[in-house]
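Remarks on the structure that follows.
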Amino acid sequence: MIRYQKLFILVFVALTLCTSLFAQIGSAAYKIDRLVTFLAMGTGATTGTYFPLGNAFANVWSTRVEQVSVMSHSTSGSIENIQLMRRRELDLAIAQSDVVTAAINGTGSFLGHPCPNLRVLMSLYPEVVQIVVLADSGIETISQLRGRRVIVGAPGSGNVITSLALLAAYGIGISDFEPIYISYDEALQAMERRDYDAAIVIAGTPTRMISELQLRVPIRILTLTQSETASLTAALPYLAAVNLPAATYQGQTEPVTTVALMAMLIASSRLSDDIADSLCRGIFDNLDYLKTIHERARDVSLETIMNGVPQGYAHPGALRFYQERKK
């Protein structure tokens with residue numbers, strides 16, 4: 001579908017230019033004053049964080065950055081985004097830092113198929129691991145997910161990869177529980193029906209799926225002990241301990257201790273340095289506006305945009321912006 005949408009845009013632009021040419025035929029003074037670069041961007045599920053934030057980025061770039069027009073698309077998340085970029089169906093995307101690293105190195109879901117042309121424009125915000133259980137489920141710890149029906153994320157999403165790795169770090173293998181592969185949108189309805197016992201949601205907070213779910217059915221977010229976070233961060237070094245402040249969600253009265261990784265804005269090495277620079281400037285020049293669209297825009301800062309970026313894989317245009325802006 002994304003390929004057809006891009007083709008439609010190209011055909012529309014071509015027809016528009018032809019119409020203008022015919023209208024100006026015979027005029028030696030005719031010239032094209034400005035060429036527009038059209039880009040397609042992959043986000044995620046509509047009830048996650050990638051989708052609303054990605055839409056906001058696309059809106060800013062298309063309306064406030066010269067010579068750029070970006071169309072955002074809902075996808076199943078990080079892995080699909082990178083696969084679509086490999087097939088040149090996407091030019092930009094948001095993806096989890098662990099998935100980006102796996103794609104570059106050719107490990108995990110990308111075993112034997114590395115993506116050496118992948119480049120990072122910036123790290124955006126922490127993606128928090130939120131283990132959501134039904135309030136009356138009796139589940140109090142990660143170890144109690146053994147033998148349960150657990151939603152781990154949509155097929156092709158980074159949520160799946162991190163969920164399975166997290167459980168494996170606790171000795172819970174794929175045969176020790178029933179993994180359910182569905183999107184946040186589907187998980188919202190399934191948990192409301194009490195079809196499953198838990199859902200692992202890895203996203204910026206507050207996550208719309210969780211906010212909506214708690215209005216429909218009583219739920220809890222598991223809090224991790226100090227030893228559990230230490231064990232997780234030792235086994236999975238891309239994770240870091242974080243606290244969800246009290247009142248992150250309606251009715252939440254206590255802070256929740258958990259772990260998080262970084263969401264990254266990625267592109268291909270084919271993206272020109274000038275366009276990459278303009279995209280980064282567009283975000284930082286409009287941060288006040290973006291903060292009114294989604295709370296996670298508050299986490300975007302010059303101090304953290306290079307956090308977790310694999311050595312040698314920052315886009316040169318993004319580096320140029322970063323080095324100029326931090327002076």
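In this entry, Gly112 is excluded by the filter for residues that are modelled with pLDDT under 95, surrounded by 23 or more Cβ atoms within 10 Å (Cβ to Cβ) and either over 20 Å from Phe284 (Cβ atoms) or β-branched (Val, Ile, Thr) (or both). Could you go through the range 3-11 and let me know if any residue there is part of a helix (DSSP H, G or I), at pLDDT below 95, in contact with a strand residue (DSSP E or B) (Cβ under 6 Å, 6 or more places away or on another chain) and not acidic (Asp, Glu). Within the range 3-11, one or more residues are part of a helix (DSSP H, G or I), at pLDDT below 95, in contact with a strand residue (DSSP E or B) (Cβ under 6 Å, 6 or more places away or on another chain) and not acidic (Asp, Glu). Selection of the range 170-189 for residues being within 11 Å of Val150 (Cα to Cα) and of a type in the set (Gly, Ala, Ser) yields only Ala187.
Quick one: is Arg86 among the charged types (D, E, K, R), under 22 Å from Ile210 (Cα atoms) and open to solvent by 20 Å² or more (accessible area, probe 1.4 Å)? Taking the combined requirement at face value, the residue does not satisfy it. For the range 289-327, taking the residues that are part of a helix (DSSP H, G or I) and of a type in the set (Ser, Thr, Tyr), the one that is most open to solvent (accessible area, probe 1.4 Å) is identified as Thr292. Flag not set for Leu265, criterion: under 17 Å from the mean Cα position of the chain (by Cα), within 21 Å of Arg64 (Cα to Cα) and part of a helix (DSSP H, G or I).
With respect to the numbered conditions (1) open to solvent by less than 30 Å² (accessible area, probe 1.4 Å); (2) under 23 Å from Asp299 (Cα atoms); (3) touching a helix residue (DSSP H, G or I) at 6+ places or on another chain (Cβ under 8 Å); (4) modelled with pLDDT of 95 or more, which one is the sole condition not fulfilled by Gly204? Among (1) open to solvent by less than 30 Å² (accessible area, probe 1.4 Å); (2) under 23 Å from Asp299 (Cα atoms); (3) touching a helix residue (DSSP H, G or I) at 6+ places or on another chain (Cβ under 8 Å); (4) modelled with pLDDT of 95 or more, Gly204 violates only (4). Can Ile139 be described as crowded, with 22+ Cβ neighbours inside 10 Å and modelled with pLDDT of 95 or more? So Ile139 fails the test.
Restricting attention to the range 107-143 and to residues that are in contact with a Phe, Trp or Tyr (Cβ under 7 Å, 6 or more places away or on another chain) and assigned to a strand (DSSP E or B), the residue that is farthest from Phe57 (Cα to Cα) turns out to be Leu118. One residue alone among Ile161, Ile82 is of a type in the set (A, V, I, L, M), modelled with pLDDT of 95 or more and not in a strand (DSSP E or B), and that residue is Ile82.
Residues in the range 269-288 that are open to solvent by 10 Å² or more (accessible area, probe 1.4 Å) and either in contact with a strand residue (DSSP E or B) (Cβ under 6 Å, 6 or more places away or on another chain) or not acidic (Asp, Glu) (or both): Ser269, Arg270, Leu271, Ser272, Ile275, Ser278, Arg281, Phe284, Asn286, Leu287.
The values are calculated or read from the model by the stated rules, or taken from the named source; none is laboratory data. These numbers come from a predicted model, not from an experiment. Heads up, the Cβs are rebuilt from the backbone with ideal geometry, glycines too, and the neighbour counts pull from every protein chain shown. Surface areas here come from the heavy atoms of the whole protein model, side chains and all, with no ligands, DNA or RNA. Shrake-Rupley method; radii C 1.70, N 1.55, O 1.52, S 1.80 Å.
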